[in-house]
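Take a look at the structure below.
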Amino acid sequence: MRPGTTAPAPKRQKCDHWTPCPSDTYAYRLLSGGGRDKYAKICFEDELLIGEKTGNVGRGINIAIVNYMTGKVTATQYFDMFEGDNSGQMINFIQSAPSKSLLFMVTHDDGASRLKEDAKKVIEGLGSKHIRNIQFRSSWVFLTAKDLQLPEEIQRESINHSDSARNRYSGWPAEVQIEGCIPKKTS
């Protein structure tokens, strides 16, 4: 670079990816909550589906459902797993997702305390490898699809458990995230 010149600002990518997704894919980023004030976020195609700015994030398991064929969000909701009995409502919400839907799930604060066995079975049936390991204040993110086969190389899940010796925030583990590009044509 010549003296007196500045580099151009980097181009912002969808969902704040470092590199752009190809045009024949959907960009996504899932971020769990971390600490008291770091709220969970679900971004799809550069639209914040769940987050503090949209005012629809809450304690527990936050879920967004997206129509795979159109790329449009069809529903978002959070289910408090610390107070109340919300596992049944969450099961109904998940099962109500239309065929050919993408489901994005992230925790904020506690997603485990009142998570019942039948709800774990439903999420496990969608391909989760970590739902049985979720603990009080675990940071967890999960991507799945209903009646669709996502490519094997897509990162689908991540978990981080609360550990008083290693927690980033007082009483809370660091947030976890996954991001990537989902092909618009899949089996």
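Counting only DSSP H runs of at least 4 residues, each contributing -39500 (n - 2.57), and dividing by the residue count of the chain, the helix-based mean residue ellipticity at 222 nm comes to -2500 deg cm²/dmol. I want the local charge near Arg156. Using Cβ-Cβ distances under 12 Å, sum +1 for each Lys or Arg and -1 for each Asp or Glu among the other residues. In short, -3.
Scanning the chain for chymotrypsin sites (Phe, Trp or Tyr not before Pro) lying in DSSP loops with no more than 16 further Cβ atoms inside 10 Å, the longest uninterrupted stretch between such sites is 19-81.
The Cα-based radius of gyration of the chain, divided by its Kirkwood radius, gives an Rg/Rh of 1.01.
Among Met81, Met105, Met69, the residue with the largest mean-square fluctuation in a Gaussian network model of the chain, with springs joining Cα atoms closer than 10 Å, is Met69. Charged neighbours of Lys116, selected by a Cβ distance under 15 Å, balance to -3 (K, R count +1; D, E count -1). The solvent-accessible area of Glu117, taken with every protein chain present and a 1.4 Å probe, is close to 90 Å². Averaged per residue, the chain has 54 square angstrom of accessible surface, using a 1.4 angstrom probe with ligands and nucleic acids left out. Note on the stretch 30-132: along the principal axes its Cα atoms extend 35, 32, 23 Å, ordered by decreasing extent. Counting Lys and Arg as +1 and Asp and Glu as -1 over every other residue whose Cβ lies under 15 Å from the Cβ of Arg59, the net charge comes to -3. Close amide H contacts of Ser138 (hydrogens built in the peptide plane, cut-off under 5 Å, sequence separation of 5 or more or a different chain): Gly111, Ser162. Mean-square fluctuations from a GNM of the chain, with a 10 angstrom spring cutoff on Cα atoms, peak among Glu47, Glu152, Glu175 at Glu152. For the set Lys116/Lys184; Lys53/Lys121; Lys38/Lys100; Lys14/Lys120; Lys14/Lys121; Lys100/Lys121, the pairs lying more than 29 angstrom apart at their alpha carbons are Lys116/Lys184; Lys53/Lys121; Lys38/Lys100; Lys14/Lys120; Lys14/Lys121. Here the calculated FRET efficiency for Ser113 and Asp147, from their Cβ-Cβ distance with R0 = 35 Å, stands at 0.65, rounded to the nearest 0.05. Protein heavy-atom surface of the chain, 1.4 angstrom probe: 48% of the accessible area is carbon and sulfur, with nucleic acids and ligands not counted. Computed from label points 7 Å out along Cα-Cβ, the spacing between Arg36 and Lys184 is 4.5 nm. FRET efficiency for the Arg132 to Glu47 pair, using the beta carbon distance and R₀ = 22 Å, is estimated at 0.10. Here the gap between Ser170 and Asp85, fully extended at 0.36 nm per residue and compared with their Cα-Cα distance, gives a gain of 27.9 nm. Shown are Lys185, Lys72, Lys146, whose ranking by accessible area with a 1.4 Å probe and every protein chain present, most to least, is Lys185, Lys72, Lys146.
The values are calculated or read from the model by the stated rules, or taken from the named source; none is laboratory data. Keep in mind that what you see is a predicted model, and the values were worked out from it rather than measured. Counting neighbours? That spans all protein chains shown, and the Cβs are built from the backbone with ideal geometry, glycine included. Heads up: the accessible areas ignore ligands, DNA and RNA and are worked out on the full protein's heavy atoms, side chains in. Shrake-Rupley method; radii C 1.70, N 1.55, O 1.52, S 1.80 Å.
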